[in-house]
Amino acid sequence: MIRTVENGLSYLVKVTDASALDDYLNSAVDLARQHAAVTGLCGILVTRHAYDTYTVAVSETVPFGETRERQDL
């Protein structure tokens, strides 16, 4: 499941099947990139909150054109 959290600036990704994780994350990153490209000022931050829960967000702390990962466990 991918749920928009902040008008396309942040997406919640929650999976019940590990085999679908990469597809969901890639889709959420693609959606976030579309919004980041509008300003050209932000990158993408992927945060793992639990084994099945992630946030993909447009972030000013990440340089434009980059995607970074972090864990918030």
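The values are calculated or read from the model by the stated rules, or taken from the named source; none is laboratory data. All values derive from a computational prediction rather than experimental measurement. Positions of Cβ are backbone-derived with ideal geometry, glycine not excepted, and every protein chain shown enters the neighbour counts. Remember, those area values only see protein heavy atoms, side chains included, never the ligands or the DNA or RNA. Shrake-Rupley method; radii C 1.70, N 1.55, O 1.52, S 1.80 Å.
Quick check on my filter: what residues within the range 33-50 are surrounded by 20 or more Cβ atoms within 10 Å (Cβ to Cβ) and within 19 Å of VAL15 (Cβ to Cβ)?
Initial filter on the range 33-50 (surrounded by 20 or more Cβ atoms within 10 Å (Cβ to Cβ)): 36, 42, 44-46.
Within the range 33-50, ILE44, LEU45, VAL46 meet the criteria.
Of the numbered conditions (1) farther than 19 Å from ALA20 by Cα; (2) among the hydrophobic types (A, V, I, L, M, F, W, C); (3) out of contact with any Asp or Glu (no Cβ under 8 Å at 6 or more places or on another chain), CYS42 satisfies every one except a single condition; which is it?
(3)
Just to verify a result, which residue in the range 51-70, among those that are within 14 Å of LEU21 (Cβ to Cβ) and either assigned to a strand (DSSP E or B) or touching a Pro at 6+ places or on another chain (Cβ under 7 Å) (or both), is most open to solvent (accessible area, probe 1.4 Å)? Full working, then the answer.
Initial filter on the range 51-70 (within 14 Å of LEU21 (Cβ to Cβ)): 51-56, 69.
Filter once more, so that each one left must be either assigned to a strand (DSSP E or B) or touching a Pro at 6+ places or on another chain (Cβ under 7 Å) (or both): 53-56, 69.
Values: THR53: 25, TYR54: 26, THR55: 33, VAL56: 0, GLU69: 161 Å².
Among those that are within 14 Å of LEU21 (Cβ to Cβ) and either assigned to a strand (DSSP E or B) or touching a Pro at 6+ places or on another chain (Cβ under 7 Å) (or both), it is GLU69.
Out of the residues in the range 31-47 that are of a type in the set (A, V, I, L, M) and either touching a residue at least 24 places away in the same chain (Cβ under 8 Å) or part of a strand (DSSP E or B) (or both), which is nearest to GLU6 (Cα to Cα)?
ALA32
Mind listing whichever residues of the range 1-15 are open to solvent by 30 Å² or more (accessible area, probe 1.4 Å) and closer than 16 Å to ASP72 by Cβ?
Those that are open to solvent by 30 Å² or more (accessible area, probe 1.4 Å) and closer than 16 Å to ASP72 by Cβ: VAL5, LEU12, LYS14.
Condition (residue is of a type in the set (Ser, Thr, Tyr) and in contact with a Leu (Cβ under 7 Å, 6 or more places away or on another chain)) applied to the range 19-41: is it met by at least one residue?
The answer is no; no qualifying residue exists.
Select from the range 16-32 the residues that are among the small types (Gly, Ala, Ser) and surrounded by 10 or more Cβ atoms within 10 Å (Cβ to Cβ) and list them in ascending order.
Within the range 16-32, ALA20, SER27, ALA28, ALA32 meet the criteria.
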